[in-house]
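Asks: Dumping the structure here so I can ask a few things about it.
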Amino acid sequence: MELAKVLQLEVCTIHAIGTNEGVNNNTYSAIYIEDYYNNKRQALKDWAKTFTDTEAFKNVPVSTVCEVGSVSNVITKYIDANPVELLVMGTMGSTGITGIFGSNANSMVEKTKTPTLIIPLESKFSMHPVITLATDFESPFTTEDTNSLNEIVVASKAEKLNVLNIIEGSTGWKTNEAGEGDLKKLIHTTQLDFNYINESNPIDGIMNFIISNKTDILCLVKRHHNIIYRIFNRSTVNQVMNRSIKAVLILHA
């Protein structure tokens, strides 16, 4: 809601009712199941109203969707039928990609091409978050990804965006001027601060950078087999991220 207020976006809050939820083994199930579904839909509206009734969010347009099916199917159906700019999902666990997201969030990261912001339960919205983009300069950005990143940078009023370039297995590396130039053309809403990591174990360098810079939002470009995606699949990194990252923005190459 804070993000929607700053970006002047509409919010649709979605709840999926499990296929077998509310079904009991008795002859009255068919009669009462639709009442059960309607009660769930009303409960979602009532829950959303607890936010829209507050002074801070009274001008944020909020709608609700409550459908029967798996979480991923219900969300995917909505995304396919509506112009969704950003998918926001909460997680009870820590932040990261595979192995630390909950199964629902992980499933959507795999299925959707929509930029996805994963926020753990304990996270608090920061009006001026420190944002770090981890990249190998190899994964391209889609138009949707670029727009989402620029909007979040503008909304956060960030004075700069940390760009962390990971170089793997290279001893004679040098500044990637072409990669920096391309990124500057795409992300034009703030100053870019380029940083390079060239270590035998890039995990340590990434984690040290994230912690020392007090990163609030870590941005990753998801493309299978690239170094960024491989690194953040590892359980040791997940544990560190649990202590240091408030949210992860997944962009899809």
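The values are calculated or read from the model by the stated rules, or taken from the named source; none is laboratory data. Worth saying up front: this structure is predicted, and the values here are computed from it rather than measured. Cβ placement follows ideal geometry from the backbone for every residue including glycine, while neighbour counts extend to all protein chains displayed. SASA here: full protein model, heavy atoms, side chains in, ligands and nucleic acids out. Shrake-Rupley method; radii C 1.70, N 1.55, O 1.52, S 1.80 Å.
Asks: Does at least one position in region 64-86 carry a residue that is at pLDDT below 85, open to solvent by 50 Å² or more (accessible area, probe 1.4 Å), in a loop (DSSP other than H, G, I, E, B) and not small (Gly, Ala, Ser)?
Replies: Narrowing region 64-86 to residues at pLDDT below 85: none.
No: zero hits.
Asks: Filter region 53-63 down to residues that are part of a helix (DSSP H, G or I) and open to solvent by less than 70 Å² (accessible area, probe 1.4 Å) and give me whichever is nearest to Val109 (Cα to Cα).
Replies: Checked region 53-63; the qualifying residue nearest to Val109 (Cα to Cα) is Phe57.
Asks: I'd like the full set of residues that are aliphatic (A, V, I, L, M) and within 21 Å of Ile206 (Cβ to Cβ), limited to region 121-157.
Replies: The initial filter retains those residues of region 121-157 that are aliphatic (A, V, I, L, M), namely 121, 127, 130-131, 133-134, 149, 152-155.
Hits for region 121-157 are Val130, Ile131, Leu133, Ala134, Leu149, Ile152, Val153.
Asks: Please enumerate the residues belonging to region 111-124 that are in contact with a strand residue (DSSP E or B) (Cβ under 9 Å, 6 or more places away or on another chain), over 15 Å from Ile152 (Cα atoms) and open to solvent by 40 Å² or more (accessible area, probe 1.4 Å).
Replies: Lys113, Leu121
Asks: Right, another one. Given the condition at pLDDT 75 or above and crowded, with 19+ Cβ neighbours inside 10 Å, answer yes or no: does some residue in region 227-237 qualify?
Replies: There is no residue in region 227-237 that is at pLDDT 75 or above and crowded, with 19+ Cβ neighbours inside 10 Å.
Asks: Further, regarding this structure: In region 125-134, what residues are over 17 Å from Ser212 (Cα atoms) and buried (at least 23 other Cβ atoms within 10 Å of the Cβ)?
Replies: Correct list: empty.
Asks: Cβ-Cβ distance below 9 Å, separation of 6 or more or different chains: which pairs start in region 5-17 with a residue that is within 16 Å of Ala48 (Cα to Cα) and end on one that is among the basic types (Lys, Arg) and not in a strand (DSSP E or B)?
Replies: The qualifying pairs are His15/Lys40; His15/Arg41.
Asks: I'd like the full set of residues that are modelled with pLDDT under 95, surrounded by 15 or more Cβ atoms within 10 Å (Cβ to Cβ), under 20 Å from Val71 (Cβ atoms) and among the small types (Gly, Ala, Ser), limited to region 1-52.
Replies: Ala16, Gly22 - these are the residues of region 1-52 that are modelled with pLDDT under 95, surrounded by 15 or more Cβ atoms within 10 Å (Cβ to Cβ), under 20 Å from Val71 (Cβ atoms) and among the small types (Gly, Ala, Ser).
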